[in-house]
Amino acid sequence: MTPTLTTAQIEAVRLHIKKMWKTLTRSHEHLLQSAKDTKLDHKSDTPWIVYISPSEDCPNIQTVLERSLSPKDMQQLQIRTLPAEVEAIKEHGLLYLPGPYVVPGGRFNEMYGWDSYFILLGLLHDGELELAQSQVDQLLYQVQHYGIILNANRTYMLSRSQPPVLSMMVLALFQHTQDEEWLKATVPLLEQFYYYWVVPPHLNAATGLSRFYAFGEGPAPEVLFSERDEEGKSHYDRVKEYYQTFEVEDYDVSLYYNREKDELTNLFYKSDHTMRESGFDITNRFGPFSADILHYAPVCLNSFLYQVEQDLAKINYILGNEQLQQQWSDRADIRRDRIDEFLWDEEQGLYFDYHFQSGKRRRYEFATTFYP
């Protein structure tokens, strides 16, 4: 028999959750705490860097921060304007967000893209409406000032996003606030984030479906330093050992590993960044280490984009824009048909990721088959 929880036990868990929202919240007064990043090598005598969007009023924000933080804390921080080109960033740091947000916790001491959706559901369930509003507003701010919703608000994640769940967050919050003026203001940003996913290189023109595609090159900085085992080996060291030891039939290993030089290729690193954009790190879904992810139309991403199209239809319906509602509904219908054409496997009765080059589905059973 499964033991049942007592009312007192359930209440204890609820109280713990209620208390932890505050513990996991980061705002201006926690800026030093947020800026500290255990995932990077950092000299103790150097300040932590916080970057502010170039489209913001940097001196004004610095003044606001000086009012929120003690002089001692400010001495340990360096406020900089973010360079216009990612390649110009020589030292990594935290990307400024104006309002409070909840972090996952532990070594994940920054705001994550799709983790925020699940956090939002918890906040709404717990009646933390003000914090829920701010959580969504910080993601909208990211689209406005950093171009996309980032994997997380650190400079080394400027080159990759995460699964597009923003429209679901906007509608989940709207259910509670019924603020139509705010809802209307979200539309241009929702559309901007949508178009990130539906034009090349994220779009595969042959199928009309989208793929994950991160713009980062070389090893991911946070992985090099912090993801080491007891022997001091990095994730990338372990990948090379795997390729040396095991036969891989899922894809052409020579695309990702140079056996003669014992080196991972540039394409491997791009795929590694991309796998992190997918939100599923690290699985065997696209072969070992998901290295072949760039060559697939994934069930999850295209299901989410179908949802975004449905959500934008719904938002336009709420706002009384019948013509736009119909346009978004039509887009959703087209995507649904393409998902059924390319991703549905009649024989297996499941949706699978579709490999562009071979024209075959990868029959790897995974939770994402249920997204559609």
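The values are calculated or read from the model by the stated rules, or taken from the named source; none is laboratory data. Keep in mind the model is a prediction, meaning the values are calculated, not measured. Here Cβ is always computed from backbone atoms with ideal geometry, including for glycine, and neighbour counts include all displayed protein chains. These area figures cover heavy atoms from the full protein model, side chains too; ligands, DNA and RNA do not enter into them. Shrake-Rupley method; radii C 1.70, N 1.55, O 1.52, S 1.80 Å.
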Practice problem: Kindly indicate which of 167, 116 is touching a residue at least 60 places away in the same chain (Cβ under 8 Å), in a helix (DSSP H, G or I), out of contact with any His (no Cβ under 9 Å at 6 or more places or on another chain) and buried (at least 22 other Cβ atoms within 10 Å of the Cβ). | Solution: 167
Exercise. Working only within segment 308-326, note down all residues that are within 20 Å of residue 205 (Cα to Cα) and of a type outside the set (Val, Ile, Thr).
Key: 309
Exercise. Could you tell me which numbered condition residue 321 fails, if it satisfies all but one of (1) open to solvent by 50 Å² or more (accessible area, probe 1.4 Å); (2) closer than 22 Å to residue 249 by Cβ; (3) modelled with pLDDT of 95 or more?
Key: (2)
Exercise. Please specify each residue of segment 125-139 satisfying the condition of being outside any loop (DSSP other than H, G, I, E, B), acidic (Asp, Glu) and touching a residue at least 12 places away in the same chain (Cβ under 8 Å).
Key: 137
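Of everything in segment 199-222, what is among the β-branched types (Val, Ile, Thr) and either modelled with pLDDT under 95 or surrounded by fewer than 17 Cβ atoms within 10 Å (Cβ to Cβ) (or both)? Give them in sequence order. Lay out the reasoning, then the answer.
To start, the set of residues in segment 199-222 that are among the β-branched types (Val, Ile, Thr) comprises 199, 207.
Listed by number, the list holds a single entry, 199.
Tell me, which residue of segment 236-253 that is within 30 Å of residue 305 (Cα to Cα) and not aromatic (Phe, Trp, Tyr) is most open to solvent (accessible area, probe 1.4 Å)?
Filtering segment 236-253 for residues within 30 Å of residue 305 (Cα to Cα) gives 250-252.
Keeping just the survivors that are not aromatic (Phe, Trp, Tyr) gives 250, 252.
Details: 250: 64, 252: 84 Å².
Only one residue tops the list, namely 252.
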Quiz item: So which residues in segment 254-273 are open to solvent by less than 60 Å² (accessible area, probe 1.4 Å) and assigned to a strand (DSSP E or B), if there are any at all?
Solution: 257, 258, 264
